[in-house]
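Structure record follows, encoded as structure tokens.
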Amino acid sequence: MALQLKKLTYTKTFRILRSNLWKDHPVACGVLGMCLTLGVSNKVANAIAIGIGFTFVLVVTAATISALRNLIPKRARVIIYMIIISSFVIIVDRVLKAFFPALSEALGPYIGLIITSCILMGRLEEFSMKNNVWYSMLDALSSGLAFGYTLFLLSVIREFLGFGTILDVKVTPTGWTNWVVIGMAPGAFFVLSIYLWITRTLAKVDPMKTGQLHG
Amino acid sequence: MRDAMKMILFVVILGTLLSAVILVVNSYTAPRIAKNGELTIKRNVLEAQGIRYGQEDLEQVFDQNIQVVRKAEKTYYVLKNGDVAFEFDGNGLWGPIHGVISLQRDLQTIKRIMIIHQEETAGLGGRLAERSYLGSFDAKKFSPTIEIVNRRKAEKDNEVDGISGATMTSKAFERLINGQVGEYVAAYGGG
């Protein structure tokens, strides 16, 4: 019995991780969180900061929602998500302002935009309201990391091509011409669409068939 | 009815608890945030006055070189030779612009302009904050005002070239800098 239960746990954990990190990736498959993905993938430092801040907010809100899931009045749940998410986002914002002022200035309005991210609302509604705290935190952590690693990969490509640097350290040879457009807004669309094409092909995801085509 | 009451009660209690948490975080971070703001001003004043400093001795260098003068509720950062720097604040095209400007002793000639914060269009108006553009203000004179010219090349010593594709930002900045410098210089008792 204990062994079976353990095996079951393993399966669910594994399924959550595989689905969030690869098969049902929030960015690559769900095309969620676009605002942040396009906005902060220009520099590696920004991507790391948002990745960590986002994951933190997602994990603590998922844990809170999941712990309160039987108490939360169903009709008011979206308002309650918003209250909890915005409180934690304010905390992240204050901590960044106090301890990493330069980063906070570079990220500008994007920290506040974590509140509106569809990934957060999606995971809370879809998962945390129906599962216990442990699985909700696992789900939140893996979704946050999935979002974070995508941001990181995109930002490495964009900072390298657009600014000729990685983490503000020059890595390109002298004589290299920056592809300025890649660092600016249009470049985000080019790089993201190529990234989606590659990852969807590798993960064998076809949103036209599975009906996952949503904005 | 009971459901509605329960719902409201739940939201109120949750809201109160989370507000309490935010208050605690705020009281812990507020002094540091204020300190960061102060350091940013000091750093920009030193840059505007052209004084070299290191990350560690910033405050020391500031105290040694800059005399803080308050007149008519305005703050001036005065160098020993009489060069004056002060903060300016106002509206750009899309959002507030905040920075520090330093003037030579004659209170007319610009030494240097620093932009601390702006929200203009990235790549167009946003280039306002780039050193290569701000450099074109150096040694220009408020005689009686600075003019940002758009359709021809700047010739006189109170004319500065505008930014192509950012006429509105240029106009807003011209209004802002003339207004603020006029106000500050008048209050300082010169000009």
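The values are calculated or read from the model by the stated rules, or taken from the named source; none is laboratory data. All figures in this text were calculated on a predicted structure; none of them were measured in a lab. Methodologically, a virtual Cβ is constructed for each residue, glycine included, from the backbone with ideal geometry; neighbour enumeration extends over all protein chains shown. Accessible surface areas use protein heavy atoms only, side chains included; no ligands, DNA or RNA. Shrake-Rupley method; radii C 1.70, N 1.55, O 1.52, S 1.80 Å.
Neighbours of residue A:101, meaning other residues whose beta-carbon lies under 10 angstrom from its beta-carbon, give a summed charge of +2 when Lys and Arg score +1 and Asp and Glu score -1. Distances between placed amide hydrogens fall under 5 Å for residue B:88 paired with B:99, B:100, B:101, all partners being 5 or more residues away or on another chain.
Summarise the accessible area of region A:32-203 (1.4 Å probe, protein heavy atoms) by the percent that is carbon and sulfur. Using a 1.4 Å probe with all protein chains present, region A:32-203 comes out at 75 percent carbon and sulfur. So how strong a dipole does region A:32-203 carry about its Cα centre when Lys and Arg Cβ are +1 and Asp and Glu Cβ are -1, to the nearest 20 debye? Here the size comes out at about 380 debye.
Which net charge results when you count Lys and Arg as +1 and Asp and Glu as -1 among the other residues whose beta-carbon is under 11 Å from that of residue A:131?
Working: positive: A:12, A:69, A:123, A:130; negative: A:126, A:139.
That works out to +2.
Average accessible surface for the protein assembly as shown: 54 Å² per residue, computed with a 1.4 Å probe over protein heavy atoms with every protein chain in place.
Which whole DSSP H helices in chain A pass both tests: a Cα extent of 18 Å or more along the axis and a mean Kyte-Doolittle value no lower than 0.0? Once both thresholds are applied, what remains is A:44-67, A:77-99, A:133-163, A:185-202.
Amide H contacts of residue B:112: B:102, each under 5 Å away and 5 or more positions distant or on a separate chain (H built 1.01 Å from N in the peptide plane; Pro and chain starts excluded).
Given R₀ = 35 Å, FRET efficiency for residue B:39-residue B:2 by Cβ-Cβ distance, to 0.05? Numbers along the way, then the final one.
Working: r = 55 Å, r/R0 = 1.57.
Calculated value: 0.05.
For chain B, what's the relative contact order in percent, using C-alpha pairs closer than 8 Å and at least 6 residues apart? Could the numbers behind the result be given before it?
Values: 267 pairs, mean separation 28.3, N = 191.
Dividing the mean separation by the residue count of chain B yields 15 percent.
Near residue B:35, once Lys and Arg are set to +1 and Asp and Glu to -1 for all other residues with Cβ below 13 Å from its Cβ, the sum equals +2. Sorted largest first by accessible area at a 1.4 angstrom probe radius, with every protein chain in place, the residues B:83, B:106 fall in the order B:106, B:83.
A simple rule links phi to the HN-Hα coupling: the Karplus curve 6.51 cos²θ - 1.76 cosθ + 1.60 with θ = phi - 60°, which for region A:105-117 gives 5, 5, 7, x, x, 5, 4, x, 6, 4, 3, 8, 5 Hz, with x for Gly and Pro. Taking the Cα centre of the protein assembly as shown as origin and assigning +1 to Lys and Arg Cβ atoms and -1 to Asp and Glu Cβ atoms, the resulting dipole is close to 1580 debye.
When the other protein chains are added to the chain by itself, burial of at least 10 square angstrom of heavy-atom accessible area (probe 1.4 Å, ligands and nucleic acids ignored) affects these residues of region A:97-138: A:97, A:98, A:99, A:101, A:105.
With unit charges on the beta carbons (Lys and Arg positive, Asp and Glu negative) and the dipole taken about the Cα centre of region B:76-145, which residue among B:109, B:126, B:95 sits farthest to the positive side? My answer, from the dipole projection, is B:109.
Do the sum for chain B: with -39,500 (n - 2.57) for every DSSP H run of n ≥ 4, divided by all residues, what is the mean residue ellipticity at 222 nm, to the nearest 500 deg cm²/dmol?
Working: 4 runs with 81 residues, N = 191.
Result for chain B: -14500 deg cm²/dmol, rounded to the nearest 500.
Within the same chain, lysines fewer than 8 places from residue B:80 are excluded, and of the rest, those with a Cα less than 27 Å from its Cα are B:35, B:42, B:71, B:111, B:140, B:141.
Determine by what factor the alpha-carbon radius of gyration of the protein assembly as shown differs from 2.2 N^0.38 Å, reporting the quotient.
Here the Cα radius of gyration is 1.22 times the empirical estimate.
For the options B:92, B:125, B:135, a Gaussian network treatment of chain B with springs between C-alpha atoms closer than 10 Å singles out B:135 as fluctuating the most. In region B:5-35, the residues whose accessible area drops by at least 30 square angstrom when the other protein chains are added to the isolated chain are B:7, B:10, B:11, B:14, B:18, B:22, B:25, B:29, B:32, B:33; the probe is 1.4 Å and only protein heavy atoms count.
Please report the buried accessible area for the interface of A with B, total over both chains, probe 1.4 Å, in Å² to the nearest 100.
Values: alone 11930 and 11640 Å², together 21830 Å².
Result for this pair: about 1700 Å² buried.
For the pair region B:80-143 / region A:36-114, the C-alpha centres are spaced 34 Å from each other. Take the Cα of residue A:203, go 7 Å toward its beta carbon, and the backbone nitrogen atoms of region A:108-132 under 19 Å from that spot belong to A:117-128. Each of A:160, A:89, B:163 was scored by the projection of its Cα onto the charge dipole of the protein assembly as shown, and the greatest displacement toward the positive side belongs to A:89; charges sit on the C-beta of Lys, Arg, Asp and Glu.
Applying 0.36 nm per residue to the separation of residue B:121 and residue B:51 and subtracting their alpha-carbon distance, the gain on full extension is 22.1 nm. Ordered by 1.4 Å accessible area with all protein chains kept, B:32, A:77 run largest first as B:32, A:77.
Between Rg and the Kirkwood Rh of region A:39-169, both from Cα atoms, what is the Rg to Rh ratio? Before the final figure, lay out each step's value.
Numbers: Rg = 15.6 Å, Rh = 15.2 Å.
On the Cα set of region A:39-169, Rg over Rh gives 1.03.
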